[in-house]
Amino acid sequence: MPKHGRKRKKTRTHVVDDESAANALKSAEPPPPRSMVVRHGSSSAEEPELSELVGDWRNLMSPATALKLKERKGAKIRDYAEMAPVLGVTHLLAFSMNEGGNVNCKIARVPSGPTLTFKIKRFSLSKQVRAVQKRPIDTSSGIFQTAPVVVTNNFGGSEEAAHIKLMRITFQNMFPAVDVGNVKLSDVRRDYIIGNTGAFGGAMSDSEGEDEAANVVLPQKFTGRGNSKSQKSALKLVELGPRMRMKLMKVERGLAAGDIMYHSVVKKTPEEAKSQKSSIVQKEALRKQRREEQEENVQRKKNAKEEKKEAKRVKREARDVQAMNELRGEATLQVNDGGSEERASDSDGNNN
Amino acid sequence: MTMLKEALSHQAYFDSLTNMIPSSLYITETTAVEDDEKGALHANKFKKGQNKESKERRKAEEKLRKKQKWEAEYAESTVEKKKKKWEEIEAENDRDSDSEGGSGDEGEVGEGEGQAHEEAEAMEVEEEGLSKIEILRKKLALKIEKKRNGRPENGAENVSKRAARKAAKMKKKAEGKKGGNIGFSATTKNGEKPVRGRASTDGTADSSNSEGAKNDSVSHDLSTIDFGGISGLKTVSSHKANKSLSNVSKSKNLNHLLEKANAKKQRLQELKNGSSEDKKKREGIMWGDAMKEANGVRVRDDPAMIKKAIKRKEKSKAKSAAKWADRITTVADSMMDKQKIRKHNLEKRKLGGKVAANLSHKEIRDEEGEEKTKRRRLGVGFEGKKEDFLNGGKKGGGGKGGDREGKQ
C-alpha cells in the first residue's frame, strides 16, 4: 500500500521469463532440452560394459543431463517417465540388455512420446576409442561443460521416409540450439556426428587434419596456444567416443506405449492390427474389472472384520455389566442378611 | 434581295441573342493549343518557382488575360469568339494534315508518304458527316493506338524503380527459401524461434579453376550434411511479453481444445474406415503429430488428458473459492470481535474506576475472569490465597494453618 497521501505506483510491470524447470514446461515455447540416461532391466554387476556405455552417453549428453544418476533396482521406464516432467527433462534414453545379449536403446520424448527403439549392433566405449589414439584429448579440460553441436549426415530432406525424418528431428532436438549471435567460439568444443549409413554400410573414419580445406581463419579467440582472433588455424576433429552402430527397430506414438507407427521387422495388415488392438483393449478391460473386484473383496472383508470386532466388544461389555450386576447382587444380599438379623433381635425383644 | 435582307436580319437577331449568352457556356469546342495550355497550367502549378523567366512570362500572360477579360477594347462578343474558334480549329486541321503528309527520313520518304496518304484518305472518308471535334477525337484515338502497337512487349523501359526494387527483393526471398543457408525451425530458446541450418556449398576458401573438381566433390559431400537447431537469427515475440493476453481464460481454451480433440479423433476414425487414400492421409496426420512432438511442440489431441486437465482446473477453482470464502468469514469475524471489544470498552469507560483504567483494545478484560486465570496459573497444591504464615505470626504460634481455601 502507498504511504498516506501518496499515489499508488505499479512497480513490477515487466513480464520476466521464468526459467525454472516446471514453469518452462508449462510455457508455450519448447523448453531447453534436458535428458536422462538410464539403464533398466538386469543389474549392473552382470553387464559392466553396458554400465560404462551408459556413463559414456551421460558424458556425451552433458551438461544438460544427470551425470551421477543412480537407478533403483526394479524401476521401469514408466517410473522415470512420471518423474521426468517434474525435473524438466525432455528426453529419456533407456538402455537395456535382453536374455539374448542384445543391447537395446529407447529414445523417448517426454511426456507423451514418440519413442524410438534402436537395436545396438555393436559399440565401442570411450576408453577403447582413446586407447588406440596417439594423442587422445584430455577430457578433464572442461570439454564436457558445453553442449555439442549436432551434425547429421545423409538423412535427406523433406522427401525422405517419415521414420528417417523423425530420427533426424529427434537427434537434432536432443541438444540445445546454438545461438549464432551470442555464442563464443571457445564454447564450441564438441561435435555429435550421426550418419545414416542406410544400405551402404561402412564405418565412420577418423578425420584428418592435414587437408588444406581444414585450415580456417578464426573469427574469435579459441582455446589452445596460438589460437587468437583472425589467426589461421588448422581444424582437427579427434574422436572422443563412444562409437555405436544401431538400427531403428520401431517407432511408438506414446512414451514406450501407444500405436506402433513403424516396425522394421514385423509387418501387420490392418485386420491383424485391429484384432491385436481389440485384444489389448479386452485385456485392459479385464484387468480393470479384476482390480475392481479385488477392491470390493478387500472392502467387504474389512467391513466384516470391523463388524466382528464390534460384536465382540459389545459382548464383552455385556459380560462385564452382568458380572458387575452379579457382584452387586451378592453384596446387597449380604447386607440385607445382616440387617435382617438385627431386625430379628429387635423384634424378639431386648437382646442387645 | 428582300430574301437576303430578311436572312441577314434574322442572322443579326440570332447573333444578338447569342451575344447575350456568356462565351464560356456557349463555346464548348477546344483546340489542341488550348488543351496543351490547360495541361501546361496544371503542370505549371507544380513548377512554381522553378524558373524565373517563366514566372515573369506567366505574370504577363495573366495580366493580358485580365485585360482581355475586363477591358472594353479587348471585349469580344460571343459570336466573334465562336468565329475565331472555328477558324483556329480549321487551321489546326490543315496543319495536322500537312504535318502527317511531310514526316519521315529521306530514306523512308516513300513509305512515310504512303502511310500519310492512307491516313489522309481514311480521315477524309471519316470527315464526311462529322463535326470537327469528333474528327479531332478520332485522330487522337488513332495516334494512341499507333503508339500502343509500337510499344515493346516487356515494357521494361517503363517499369518504375519501385517495382524493380520490389521484384528484386521477392527474387532474393525465393532464392533464400529454396536452398540457401536457412531451413525450418527446430527448437527455441529464450522466446526466439531458431532455424535449422544447412551447410553452404561454398564453404571452401579457394575457388580457383584448378581445384574446381575438388570443390565439386566437397560441395557434393556437404550437401548431405545438416545441423541442429540454430537460434538468434529470428526473434518471435512470445505471447507472455504482452501482458494484456495474460487474462485469457484457460478453461475456455481447454473446452475449445476438447472440442477440437474430439473432432480430430472422429475424423481419424472416419479416415481409418475409409479408402486407402484416406488411410494414407491418416498416417500423414499421425506422422505429422509425431514430428511436432519430437520438435517440442505439445500436440494436445487426447480428449482423456484434456478432460483431466479440466477437472484439475475445476478442483483448483473450487479450492481457491473455499479459501476465499474462509478468508472473508475470518475477516468478518475479526471485525465483529473488534467491535465487541470497542463496545465493551466504551461502556466500561463510562463507569470509570479500576476497570476503566485497565482497558485493552485487543481483548475484553474482566476482573472475575482475571482472578480465575490467576488461580488456574498457580496450579495444584496452591489453591487459595495466603492468609498467614505457617508458624503463627499475628494469630499466634503453633498449629497448622487452617483450611486454605480461597476466598469465595
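The values are calculated or read from the model by the stated rules, or taken from the named source; none is laboratory data. Bear in mind that the values here come from a model prediction, so they are computed numbers and not experimental data. Quick reminder, even Gly has a Cβ in these numbers, built from the backbone with ideal geometry, and neighbours come from all protein chains shown.
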**Message:** Looking for something farther than 24 Å from A:Pro48 by Cα and facing chain B (nearest Cβ under 9 Å) - is there at least one such residue anywhere in region A:130-139?
**Reply:** no
**Fill in**
Checked against (1) modelled with pLDDT under 60; (2) at the interface with chain A (Cβ under 8 Å from one of its Cβ atoms); (3) assigned to a helix (DSSP H, G or I); (4) surrounded by fewer than 15 Cβ atoms within 10 Å (Cβ to Cβ), B:Ser210 satisfies every condition except (2)
**Request:** Being at the interface with another protein chain (Cβ under 7 Å from one of its Cβ atoms) and hydrophobic (A, V, I, L, M, F, W, C) is the filter; apply it to region A:162-181 and report the residue that is farthest from A:Met261 (Cα to Cα).
**Result:** A:Val180
**Message:** I need a count of the residues in region B:276-322 that are away from chain A (no Cβ under 12 Å) and in a loop (DSSP other than H, G, I, E, B).
**Reply:** 0
**Request:** Would you check if A:Arg34 is at pLDDT 65 or above and not assigned by TED's automatic domain parsing to the domain that holds A:Ala94?
**Result:** no
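Do the conditions hold for A:Lys165, that is, is it among the charged types (D, E, K, R) and out of contact with any strand residue (DSSP E or B) (no Cβ under 7 Å at 6 or more places or on another chain)? Walk me through how you get there before you give the answer.
On the way: among the charged types (D, E, K, R): yes; out of contact with any strand residue (DSSP E or B) (no Cβ under 7 Å at 6 or more places or on another chain): yes.
Yes: the conditions hold for A:Lys165.
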**Message:** Take the conditions under 27 Å from A:Ala84 (Cα atoms), within 13 Å of chain B (Cβ to nearest Cβ) and of a type in the set (A, V, I, L, M, F, W, C) and apply them to A:Ala257. Does it pass?
**Reply:** yes
**Item:** Residue within region A:260-268 that is without any contact (Cβ under 8 Å) to a residue 40 or more places away in the chain and facing chain B (nearest Cβ under 10 Å) present
**Value:** no
**Prompt:** Going by the structure shown, is A:Val110 away from every other protein chain (no Cβ under 14 Å), buried (at least 18 other Cβ atoms within 10 Å of the Cβ) and either among the β-branched types (Val, Ile, Thr) or out of contact with any strand residue (DSSP E or B) (no Cβ under 8 Å at 6 or more places or on another chain) (or both)?
**Reply:** no
**Asked** Just checking, which of B:Asp289, B:Asp333, B:Asp337 is farther than 30 Å from B:Gly229 by Cβ, surrounded by 11 or more Cβ atoms within 10 Å (Cβ to Cβ) and not small (Gly, Ala, Ser)?
**Response** B:Asp337
**Prompt:** Taking region A:179-219, which residues are under 27 Å from A:Lys247 (Cα atoms) and at pLDDT 50 or above?
**Reply:** A:Arg190, A:Asp191, A:Tyr192, A:Ile193, A:Ile194, A:Gly195, A:Asn196, A:Thr197, A:Gly198
**Complete:** Just one listed residue, out of A:Lys283, A:Lys302, A:Lys277, is at pLDDT below 85, charged (D, E, K, R), assigned to a helix (DSSP H, G or I) and surrounded by 10 or more Cβ atoms within 10 Å (Cβ to Cβ), and it is A:Lys277
**Message:** Report every pair of residues separated by at least 6 positions or lying on different chains whose Cβ atoms are under 9 Å apart, first residue within region A:108-137 and within 17 Å of A:Val89 (Cα to Cα) and outside the structural domain of A:Arg253 (by TED's automatic domain parsing), second among the basic types (Lys, Arg) and surrounded by fewer than 22 Cβ atoms within 10 Å (Cβ to Cβ).
**Reply:** none
**Asked** Based on what the data block shows, is A:Thr90 modelled with pLDDT of 85 or more, facing chain B (nearest Cβ under 10 Å) and either in contact with an Asp or Glu (Cβ under 7 Å, 6 or more places away or on another chain) or surrounded by 13 or more Cβ atoms within 10 Å (Cβ to Cβ) (or both)?
**Response** yes
